[in-house]
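Peer 1: Dropping the structure in here first, questions after.
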Amino acid sequence: MVRKPAADIVTVLGGGWIASGPPVASRQPLPVWPAGLHTLGREGAGEVQTPLQGENAGGLRVGDRVWFRHSKSGELAERVDAYQLIEGDRIVGAVPTYRGEGRAFL
């Protein structure tokens, strides 16, 4: 989280990449942690910054992390080197993406 423009709104750095295809809600990344946050109706997740609103916004401080779930794995695989494997609240491993393996597909 990089900015807090209102008590119930926070701005996060990044926010994710929309899935390819029509820009409909099902292709938008969703904030999943901490629970209780949602994108604003007039502005979805952005590659540069994303405003979020919700019941847990008040407890967030600059520097806190917010995690998003992407609707398609390809957008992540094109941009990050590895997927982190999570079990409960622990990172239990990592697997490389095709980018992490030095590959590129069109």
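The values are calculated or read from the model by the stated rules, or taken from the named source; none is laboratory data. In this text the structure is predicted, and so the values were computed from the model without any measurement. Cβ sites come from the backbone with ideal geometry, for glycine too, and all protein chains shown count toward neighbours.
Peer 1: Please name all residue pairs, on different chains or six or more residues apart, with Cβ atoms under 6 Å, provided the first residue is in the range 8-26 and is at positive phi and the second residue is modelled with pLDDT under 85 and assigned to a strand (DSSP E or B).
Peer 2: Listed by first residue and then by second, the contacts come to Gly15/Gly46.
Peer 1: Consider Glu101 carefully, then state whether it is in the same structural domain as Ala7 (by TED's automatic domain parsing) and free of Cβ contacts under 8 Å to residues at least 24 places away in the same chain.
Peer 2: So Glu101 fails the test.
Peer 1: Turning to a different aspect of this structure: Considering only the range 24-73, state which residues are closer than 14 Å to Ile9 by Cα and hydroxyl-bearing (Ser, Thr, Tyr).
Peer 2: Thr39, Thr50
Peer 1: Give just the number: which of (1) closer than 30 Å to Gly102 by Cβ; (2) part of a strand (DSSP E or B) does Arg79 not satisfy?
Peer 2: (2)
Peer 1: With among the hydrophobic types (A, V, I, L, M, F, W, C) and touching a Gly at 6+ places or on another chain (Cβ under 9 Å) as the only criterion, which of Ala6, Ala35 stands out?
Peer 2: Ala35
Peer 1: Let me ask something else about it. Among what's in the range 40-76 and is in a strand (DSSP E or B) and closer than 30 Å to Ala104 by Cβ, pick the residue that is nearest to the chain's Cα centre (by Cα).
Peer 2: Phe68
Peer 1: Report the residue count in the range 1-44 for those that are over 25 Å from Glu78 (Cβ atoms) and of a type in the set (Asp, Glu).
Peer 2: 1
Peer 1: Could you figure out which of (1) within 23 Å of Met1 (Cα to Cα); (2) free of Cβ contacts under 8 Å to residues at least 12 places away in the same chain; (3) not hydrophobic (A, V, I, L, M, F, W, C) isn't true of Asp64?
Peer 2: (2)
Peer 1: Next up: Read through the list (1) assigned to a loop (DSSP other than H, G, I, E, B); (2) modelled with pLDDT of 90 or more; (3) of a type outside the set (Val, Ile, Thr), then give the number of the only condition that Arg103 fails.
Peer 2: Exception for Arg103: condition (2).
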